[in-house]
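What follows is a single structure, written as structure tokens, with notes after it.
The values are calculated or read from the model by the stated rules, or taken from the named source; none is laboratory data. Treat the numbers as computed from the prediction; the structure is a model and nothing was measured. Virtual Cβ from ideal backbone geometry, glycine too; neighbours counted across all protein chains shown.
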Amino acid sequence: MSIRERLSGNEATAYAMKQINPDVVAAFPITPSTEIPQYFSTYVDNGEVDTEFVAVESEHSAMSACIGAEAAGARAMTATSANGLEYMWEMVQIASSMRLPIVMALVNRAISGPLNIHSDHSDAMAVRDSGWIMLFSETNQEAYDNMLMAHRIAEHKDVLLPLMVCQDGFITSHSIENIELLETEEVRKFVGTYKPEHYLLDRKNPISMGPMDLQPFLFEHKRQQWEAMKNAKNVILEVSKEFEKLTGRKYDLFEEYKMEDADYVIVCMNSTAGTVKNVIDRLRNNGVKAGLLKVRVFRPFPGEEIAKALSNAKAVAVLDKTPILNLTGGPLYEDVTSAMYTLNMNVPTIDYCYGIGGRDVTENQIETVYNDLQNLNDMSDPYRFLGLKTK
Amino acid sequence: MKDLIEIRWHGRGGQGAKTASLLLADAAFNTGKYIQGFPEYGPERMGAPITAYNRISTTPIRVHSNIYEPDYVVVVDDTLLSAVDVTSGLKEDGAILINTTKSIDEIKPLLKGYNGSVYTIDARKISEEALGRYFPNTPMLAAIVKVTGIMSDEDFIKDMEGSFKHKFAKKPEVIPGNMQAVEVALKEVKKIQ
């Protein structure tokens, strides 16, 4: 039985964590993710979960505590944003190289500086090749659902990689919206008990973890991480199918909205996708064949699948919600266009840097993107800015 | 009620406009609607102008942006009338609700040519009489429910009793005062244009 509720994205995430009942949560508060450990610590205090809550003194320690707990054989979780994630950066790579399926809620916020507490994806993009699986969420519902699927994916024996569930700071993290929740019993049955094959507290099979790894084997171990990331794609699909059976809510590597006959396509992630859908419906009433490809699984990047889904478009716009300072396009644009190049596709594709530091993303802005796509005569100006103030 | 109504709140930090928008979302949710309630976070300082938003819809809400063309505007502090462009984008077939003791002649010049409905309420008097202190958000919440007609007075009163029991579980002594503020506000909100 699903439960009709209204929760903010942070409340939904904390509630998912409560239903999962992990062994350890270690976190340090940082806006806009602070509420997650705050709500969760209330559950701990009320005795509603069995979790050991570690109130660490920094994010570096939060990730270190998760690594220690997970290596010992426990299920560990954390939540952070922006500079908090940057401060744990060193340990983020250690977690993935030790193949520890830690799950993190990342509430996306602009990285300083200058200081800004609002949403963009610069924090997630700064760790995009750290060996973590990265799921993005349009709504509080998706943040909740992705969190319920997270451990099943991360802990799968063919994967064993840490995973982060992303959502937009404030825009979904602090907005109260309708949501369908599962009963806690159903969640616990779906998520299951964590039974690691190798762990430090297994006294009968003593091992050491994270030792020095020089010329003879580091390369091979990195290749194994690559294999795990490759395997993750199928595991994500399997788990998503099982989740659909349980809830009726369908999840894939990406979501296609009105893509069957779409000429003009926007590719984006997180909360902007909902706004794009509204614009598409309006444009379709005026005969414009507009479509959306919303990336859910950003790592592993489903490049081939995305390129194929875009192959019939006349023009594509990729929306990158991160400052682009390299002069060659944002991370999502680079991934999409290199996947197209590999498949020998030549669909005109332009990039928009948008929504930086919480700049509001409006339906009017999105409409101008579709207008640009319909009038895309040459590719001399592929790197653009959306919603930027001009004099 | 229309299929989608959009409401913009203007208040000052500390007056509870954000809480009121979340309580309104709660109340509409309890009538079976799809809702959004979200503040626009700026510098969080007592007294600084703040904005909060509500969408209330009969169908799922997908848009994730601020509201630029609201059906209703709620002004929790009338000093904002000259400081903030409160009628910006406000639809003429909508309404503005203002916490004030001023007359329409005093308010009119501050509304920048807005010709739609204007409602006022003295939330200070209601709050001070019912609660002994100035918490404008409860009367303003009741008044906007009345103005928008998203639910009947009876349903709203019942709903607020439930919310306050939950919200003030640790200080139940403030519940009767808050309920009084709700009931008086439902009666006293008046249309002056």
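Within the group A:E48, A:E11, which residue is under 20 Å from A:L135 (Cβ atoms), charged (D, E, K, R), in the same structural domain as A:V165 (by TED's automatic domain parsing) and surrounded by fewer than 22 Cβ atoms within 10 Å (Cβ to Cβ)? Don't jump to the end; show me each part of the working.
Working: A:E48 fails: under 20 Å from A:L135 (Cβ atoms).
Unique residue meeting the criteria: A:E11.
Yes or no, residue by residue, for (1) within 24 Å of A:T337 (Cα to Cα); (2) hydrophobic (A, V, I, L, M, F, W, C); (3) within 14 Å of chain B (Cβ to nearest Cβ):
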position: A:F190; (1), (2), (3): no, yes, no
position: A:F219; (1), (2), (3): no, yes, no
position: A:K241; (1), (2), (3): no, no, no
position: A:L246; (1), (2), (3): no, yes, no
position: A:M269; (1), (2), (3): yes, yes, yes
position: A:V276; (1), (2), (3): yes, yes, yes
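Could you grab me the full set of residues in the range A:156-202 that are under 25 Å from A:Q93 (Cα atoms) and touching a Phe, Trp or Tyr at 6+ places or on another chain (Cβ under 6 Å)?
Answer for the range A:156-202, where residues must be under 25 Å from A:Q93 (Cα atoms) and touching a Phe, Trp or Tyr at 6+ places or on another chain (Cβ under 6 Å): A:P162, A:M164, A:C166.
Please enumerate the residues belonging to the range B:33-51 that are within 8 Å of chain A (Cβ to nearest Cβ) and without any contact (Cβ under 8 Å) to a residue 12 or more places away in the chain. So that I can check it myself, show each step before the final result.
We begin by selecting, within the range B:33-51, every residue within 8 Å of chain A (Cβ to nearest Cβ); these are B:34-39, B:41.
The answer is B:Y41, and nothing else.
Does the range A:165-179 hold any residues that are more than 7 Å from chain B (Cβ to nearest Cβ), touching a Lys or Arg at 6+ places or on another chain (Cβ under 9 Å), assigned to a strand (DSSP E or B) and crowded, with 24+ Cβ neighbours inside 10 Å, and which are they?
A:D168
Per-residue answers, yes or no, for (1) assigned to a loop (DSSP other than H, G, I, E, B); (2) within 27 Å of the chain's Cα centre (by Cα); (3) of a type outside the set (F, W, Y):
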position: A:P211; (1), (2), (3): yes, no, yes
position: A:K222; (1), (2), (3): no, yes, yes
position: A:K233; (1), (2), (3): no, yes, yes
position: A:L237; (1), (2), (3): no, yes, yes
position: A:R249; (1), (2), (3): yes, yes, yes
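Give the range B:128-171 a look and list any residue that's within 17 Å of B:L24 (Cβ to Cβ) and small (G, A, S), or say none.
B:A142, B:A143, B:G149, B:S152, B:G162, B:S163
Looking only at residues that are of a type in the set (F, W, Y) and surrounded by fewer than 22 Cβ atoms within 10 Å (Cβ to Cβ) in the range B:48-98, which one is nearest to A:E177 (Cα to Cα)?
Going residue by residue through the range B:48-98, those that are of a type in the set (F, W, Y) are B:53, B:68, B:72.
Now drop any that are not surrounded by fewer than 22 Cβ atoms within 10 Å (Cβ to Cβ), which leaves B:53, B:68.
Working: B:Y53: 12, B:Y68: 19 Å.
The selected residue is B:Y53.
Give the number of residues within the range A:354-391 that are modelled with pLDDT of 95 or more, of a type in the set (S, T, Y) and either under 14 Å from A:T275 (Cβ atoms) or in a loop (DSSP other than H, G, I, E, B) (or both).
4
Those residues that are within 13 Å of another protein chain (Cβ to nearest Cβ) and more than 13 Å from the chain's Cα centre (by Cα), I need them from the range B:2-25; list them, please.
Result: B:L4, single match.
Could you check how many residues of the range A:281-313 are within 23 Å of A:E142 (Cα to Cα) and under 24 Å from the mean Cα position of the chain (by Cα)?
Applying the first criterion (within 23 Å of A:E142 (Cα to Cα)) to the range A:281-313 yields A:281, A:291-303, A:305-306, A:309.
Add one more test, that the residue is under 24 Å from the mean Cα position of the chain (by Cα), and what stays is A:291-303, A:305-306, A:309.
Total satisfying the criteria: 16.
Which members of the range A:167-211 meet the condition of being touching a strand residue (DSSP E or B) at 6+ places or on another chain (Cβ under 8 Å) and among the polar types (S, T, N, Q)?
Answer for the range A:167-211, where residues must be touching a strand residue (DSSP E or B) at 6+ places or on another chain (Cβ under 8 Å) and among the polar types (S, T, N, Q): A:Q167, A:S173, A:S175, A:N178.
When the range A:327-357 is examined, which residues are found to be within 14 Å of chain B (Cβ to nearest Cβ) and farther than 16 Å from A:M269 by Cβ? Even if it seems obvious, please write down each step before you answer.
Kept after step one, since they are within 14 Å of chain B (Cβ to nearest Cβ), are these residues of the range A:327-357: A:354-355, A:357.
Within the range A:327-357, A:G357 is the sole residue that qualifies.
For the range A:111-123, which residues satisfy the criterion of being closer than 21 Å to A:D335 by Cα and in contact with a helix residue (DSSP H, G or I) (Cβ under 8 Å, 6 or more places away or on another chain)?
So the first thing to find is which residues in the range A:111-123 are closer than 21 Å to A:D335 by Cα, and the list is A:120-123.
Once the filter is applied, which keeps residues that are closer than 21 Å to A:D335 by Cα and in contact with a helix residue (DSSP H, G or I) (Cβ under 8 Å, 6 or more places away or on another chain), the range A:111-123 yields A:D120, A:S122, A:D123.
Is it fair to say A:E155 is in contact (Cβ under 8 Å) with a residue 12 or more places away in the chain and within 14 Å of chain B (Cβ to nearest Cβ)? Can you show your working first?
Values: in contact (Cβ under 8 Å) with a residue 12 or more places away in the chain: yes; within 14 Å of chain B (Cβ to nearest Cβ): no.
So A:E155 fails the test.
When the residues of the range A:341-353 are filtered to those that are touching a strand residue (DSSP E or B) at 6+ places or on another chain (Cβ under 7 Å) and aliphatic (A, V, I, L, M), which remaining residue is nearest to A:T272 (Cα to Cα)? Lay out the reasoning, then the answer.
To start, the set of residues in the range A:341-353 that are touching a strand residue (DSSP E or B) at 6+ places or on another chain (Cβ under 7 Å) comprises A:347-353.
Then drop every residue that is not aliphatic (A, V, I, L, M), which leaves A:347, A:350.
Working: A:V347: 23, A:I350: 17 Å.
Here the answer is A:I350.
Against the condition within 14 Å of chain A (Cβ to nearest Cβ) and out of contact with any Gly (no Cβ under 7 Å at 6 or more places or on another chain), how does B:P60 come out, does it pass? I'd like the intermediate steps shown before the answer.
On the way: within 14 Å of chain A (Cβ to nearest Cβ): yes; out of contact with any Gly (no Cβ under 7 Å at 6 or more places or on another chain): yes.
So B:P60 passes the test.
Could you check how many residues of the range A:233-253 are under 26 Å from A:A313 (Cα atoms) and buried (at least 21 other Cβ atoms within 10 Å of the Cβ)?
1
Find the residue count for the range B:112-142, including only residues that are assigned to a helix (DSSP H, G or I) and surrounded by fewer than 19 Cβ atoms within 10 Å (Cβ to Cβ).
5
List every residue pair whose Cβ atoms sit under 6 Å apart, with the two residues 6 or more apart in sequence or on different chains, where the first one lies in the range A:214-242 and is farther than 14 Å from A:D158 by Cα and the second, anywhere, is surrounded by 13 or more Cβ atoms within 10 Å (Cβ to Cβ) and of a type outside the set (D, E, K, R).
A:S240/A:Y251
So if I check each of B:N54, B:N30, which one is closer than 21 Å to B:M160 by Cβ, within 11 Å of chain A (Cβ to nearest Cβ) and modelled with pLDDT under 95? Give the derivation first.
Values: B:N54 fails: modelled with pLDDT under 95.
Answer to the check: B:N30.
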